[in-house]
Amino acid sequence: MPDDSLLAIDGGPPVLPAGPPSWPPRSEAVRAALERAGADGSWGRYGGPHGERLAAELAVLCGVRQSWLCSSGTIAVELALRGLKLGAGDEVILAAYDFPGNFRAIEAVGARPVLVDLAGMSAESFAWHLDPAQVTEALSPATKAILVSHLHGSLADLRTLREIADRAAIALVEDACQVPGAMVRGRPAGSWGDVGVLSFGGSKLLTAGRGGALVTNRDDVLQRIKVFSQRGNEAFPLSELQAAVLVPQLAELADANERRLAAAGRLLAQCGQLPGMIPLELDTTDGNEPAFYKLPWLLTGNDDACDSPAFEQRRRRFIAAIQAEGVAMDEGFRGFARRTTGRCRVVGELPQARRAAAGTVLLHHPVLLEAPETIDRVAVALRKVAAELLSD
């Protein structure tokens, strides 16, 4: 008889032998939308009713007046910065642990990234969002914008960041690519910024394989984005076919986000105190309703070991072991803490961002739509692997 306590990577039986669910899931609504677009020929047009409807519904989702569709969330960040007239000599503050495309988008417009730390570690949890207190310290006469991301279900403190931006007379760009449909202090994610950004990449909660959008209440910003994007035709398009498959997904988003939030809460209740793993600081107070593209934990070790090859090997072994159990987990972003001062200005030592870069592991969201029994099996797998590999 197989030994259930033996890790699957060492020859034991996996906790979830069927493996993780695929993404995107089968959808009758998406299939029907594709058939309609094929039948009426709208799938091959430069523009048409699907894009118009999607743009209108995204504005409603984010609680703003206008939206602009584009080819990816990455180009959407760059377009947002261009729409705000950022360029050479300007500084943009962002977290030192963030999606790599955000750093590159700042460089693409000729501006200079300014790195600040994450809110980071408390006694029993970790927050993967930018620390507003350090934003205030990072302000300089060259600062023209803050670029803030909601990462891994960790909602940034947009109320405080909005106040900081307004006092300093600078712009706020809100990267909501991981959290469409989330609520931040009672307002939709994407609505706090001068510009909000969304992504429809192949693994995202709303997916068309590729694509993105900007949402805003600022006419001047949108006009500059349009002027930059128009090159005889649209230079960064989202196709009618992509829009056609996104519209029905929007109708299902609220229900899916509610199910993912419940599953994340159930999983954290069972895996909130695992050896060597610090969970997300799950904040559902004061009008916060997180959305989950990834559910994170922070693997821990002593501070000296955090950036060491041994610690990295520890994380790789953990990820390989949990994947062998049938759970889709991977490492987080590399972050920017090691970037040279020739490319950016660095504020402080960035200890929390360094911890996040070295120790973040992420559960991919599709399993959060599965039945409670499956969520419980994921918890079994996490406890099993953590007990074997992280309890020392």
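The values are calculated or read from the model by the stated rules, or taken from the named source; none is laboratory data. Not measured: the values here are computed from a predicted model. Every residue, glycine as well, gets a Cβ built from its backbone with ideal geometry; the counts of neighbours run over all protein chains shown. Each accessible area value is taken on the protein alone, full model and side chains, heavy atoms only, with ligands, DNA and RNA left out. Shrake-Rupley method; radii C 1.70, N 1.55, O 1.52, S 1.80 Å.
Odds and ends about this structure:
- Heavy-atom surface of the chain, accessible at 1.4 Å and reported per residue (Å²): 42 Å²
- Length added when fully stretched, Asp220-Asp166, from 0.36 nm per residue minus Cα-Cα: 17.7 nm
- Across every direction, the projection of the convex hull enclosing the Cα atoms of the chain has a mean area of 20.0 nm².
- A simple rule links phi to the HN-Hα coupling: the Karplus curve 6.51 cos²θ - 1.76 cosθ + 1.60 with θ = phi - 60°, which for region 171-188 gives 8, 10, 9, 10, 7, 10, 4, 8, 9, x, x, 6, 10, 10, 6, x, 10, x Hz, with x for Gly and Pro.
- Cα gyration tensor, region 50-200 - rounded (a/c under 1.5), prolate or oblate: oblate
- Peptide packing: for 345-351, 281-287, the average count of neighbouring Cβ atoms within 10 Å per residue gives the ranking 345-351, 281-287, highest mean first.
- Sites Thr136 and Arg185, calculated FRET efficiency, Cβ-Cβ separation with R0 22 Å, nearest 0.05: 0.70
- If the Kirkwood radius is taken over C-alpha pairs of region 114-272, then at 20 °C and 1.002 mPa s the Stokes-Einstein diffusion coefficient equals 123 µm²/s.
- Cross-link partners of Lys226 among lysines, defined as those whose alpha carbon lies under 27 angstrom from its own and excluding same-chain residues fewer than eight positions apart: Lys85, Lys144, Lys204.
- Spin-label pair Arg31/Thr285, simplified geometry with 7 Å Cα→Cβ offset, distance in nm: 4.6 nm
- Computed E for Ala371/Arg345 - FRET, C-beta separation, R0 56 angstrom, nearest 0.05: 0.70
- Coil-residue trypsin sites (Lys or Arg not before Pro) of region 58-94, DSSP, other Cβ within 10 Å capped at 15: Arg65, Lys85
- With 10 Å bins from 0: P(r) over region 218-323, alpha-carbon pairs, percent: 11, 23, 22, 22, 19, 2
- At full extension, Ala262 and Asp307 could sit 12.8 nm farther apart than now, given 0.36 nm per residue minus the alpha carbon distance.
- Length available on full extension from Tyr46 to Ser122: 0.36 nm per residue minus the Cα-Cα distance, which gives 22.3 nm.
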